[in-house]
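Could you have a look at this structure, given as structure tokens, before my questions?
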Amino acid sequence: MTSAQVSNVVDIPTISVEASDYNPALVVIDMQNDFVSGSLAVPDAGTIIPTVNALINLPFKARIATRDSHPDNHVSFAKTHERSEFTTVKIYHPEDKEKALGMEQTLWPVHCVADTEGADFVTGLERMKFDAVIHKGTHPSIESYSAFRDIWGRGETELPKVLRQVGVTDVYFCGLAGDYCVKYTAKDSVDYGYNTWVIRDAVRSISSSNLSWDEMSKKGVKFTTFEEVRDKLRSIV
Ligand SMILES: [Zn+2]
């Protein structure tokens, strides 16, 4: 592990899957207390918990959860910069000594600090059924909205490795927030070569605008619903 590691995985799945044209995986993004009812709550986030649980119980080849898991001095916190929340600053990867690639960082309230209640999975989520849990944003100076890699694309999480190991062809995303971590993860999923689906009725967003859906659609992300996914997966078992 390098100091710039962006995530750690709690469990690597030991699933053996036969090669197939259709190996679907479910990725549940950031269903954590702070995003449901805590410091950075997404509107109506709690209403998708039953749908997410129903998805977890479908016959996916792998069920993977992601969690924002920050140190208490994380670069995305307004408090770290002594600035106002929801303003922006330019941030650089810690190995980018020349400051060649600055990224505009929105400064958030303190959220999902590792080993706090806010970072824990939301109550009621069927967490025991996850084959793997990917933590992201674990380095103080590195932000990672995508569950695949950091915002500069310099460091990967273990998600690509886990998906390769399982032989996944199609990745289905649900969770929070549709206009941040779900969007960036789904767009990266297309770049990593997966058939990429966002389950719209199992996602909630911070903004009510359609811009993020348009952005995902242009990238090649496809949209579906819980019922469509349920019918499709039941038909292959
Ligand atoms: Zn975060």
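What is the residue count in region 92-108 for residues that are farther than 20 Å from GLN32 by Cα and within 16 Å of the ligand (Cβ to nearest atom)?
Going through region 92-108 one residue at a time, the tally reaches 3.
Right, here's the next one. Sort out for me the helices (runs of 4 or more DSSP H) sitting completely within region 14-91 that have 2 or more residues that are closer than 19 Å to THR225 by Cβ and within 16 Å of the ligand (Cβ to nearest atom).
Per the criteria, no element qualifies.
What number of residues within region 18-73 satisfy the criterion of being aromatic (Phe, Trp, Tyr) and under 16 Å from GLY137 (Cα atoms)?
1
Restricting attention to region 137-157, and to residues there that are surrounded by fewer than 18 Cβ atoms within 10 Å (Cβ to Cβ) and in contact with a helix residue (DSSP H, G or I) (Cβ under 9 Å, 6 or more places away or on another chain), which single residue is farthest from GLY102 (Cα to Cα)?
So, considering only residues that are surrounded by fewer than 18 Cβ atoms within 10 Å (Cβ to Cβ) and in contact with a helix residue (DSSP H, G or I) (Cβ under 9 Å, 6 or more places away or on another chain), the one farthest from GLY102 (Cα to Cα) is PRO140.
Answer yes if at least one residue in region 119-135 is within 30 Å of VAL166 (Cβ to Cβ), loosely packed, with under 15 Cβ neighbours inside 10 Å and hydrophobic (A, V, I, L, M, F, W, C), and no otherwise.
The answer is yes; a qualifying residue exists.
Within 30 Å of ARG234 (Cα to Cα), modelled with pLDDT under 95 and away from the ligand (no atom under 15 Å from the Cβ), is that true of ASP11? Steps first, please.
Working: within 30 Å of ARG234 (Cα to Cα): yes; modelled with pLDDT under 95: yes; away from the ligand (no atom under 15 Å from the Cβ): yes.
Spelling it out, ASP11 is indeed within 30 Å of ARG234 (Cα to Cα), modelled with pLDDT under 95 and away from the ligand (no atom under 15 Å from the Cβ).
Give the number of residues within region 124-145 that are modelled with pLDDT of 95 or more and of a type in the set (S, T, N, Q).
Residues that pass the stated criteria total 0.
Can you tell me which of (1) buried (at least 21 other Cβ atoms within 10 Å of the Cβ); (2) within 16 Å of the ligand (Cβ to nearest atom); (3) among the hydrophobic types (A, V, I, L, M, F, W, C) is the one ALA186 doesn't meet?
(2)
Inside region 122-142, can you point out the residues that are in contact with a Pro (Cβ under 8 Å, 6 or more places away or on another chain), among the hydrophobic types (A, V, I, L, M, F, W, C) and part of a loop (DSSP other than H, G, I, E, B)?
Within region 122-142, ILE142 is the sole residue that qualifies.
Within region 122-148, which residues are more than 15 Å from the ligand (Cβ to nearest atom) and either within 13 Å of the chain's Cα centre (by Cα) or not β-branched (Val, Ile, Thr) (or both)? Before the answer, list the steps.
First, the residues of region 122-148 that are more than 15 Å from the ligand (Cβ to nearest atom): 122-133, 148.
Matches in region 122-148: GLY124, LEU125, GLU126, ARG127, MET128, LYS129, PHE130, ASP131, ALA132, VAL133, PHE148.
Sort out which residues of region 102-117 are hydrophobic (A, V, I, L, M, F, W, C) and part of a loop (DSSP other than H, G, I, E, B), and write them in order of number.
Residues of region 102-117 that are hydrophobic (A, V, I, L, M, F, W, C), as a first pass: 103, 107-108, 110, 112-114.
Residues satisfying the conditions are LEU107, VAL110, CYS112, ALA114.
What about THR116, is it within 16 Å of the ligand (Cβ to nearest atom) and without any contact (Cβ under 8 Å) to a residue 12 or more places away in the chain?
The answer is yes for THR116.
If you check SER141, SER146, which single one turns out to be touching a Cys at 6+ places or on another chain (Cβ under 8 Å) and on the phi < 0 side of the Ramachandran plot?
SER146 is the lone residue from the list that is touching a Cys at 6+ places or on another chain (Cβ under 8 Å) and on the phi < 0 side of the Ramachandran plot.
The values are calculated or read from the model by the stated rules, or taken from the named source; none is laboratory data. Fair warning: this is a prediction, and the values are worked out from it, not measured in the lab. We place every Cβ from the backbone using ideal geometry, glycine too, and count neighbours over all the protein chains shown.
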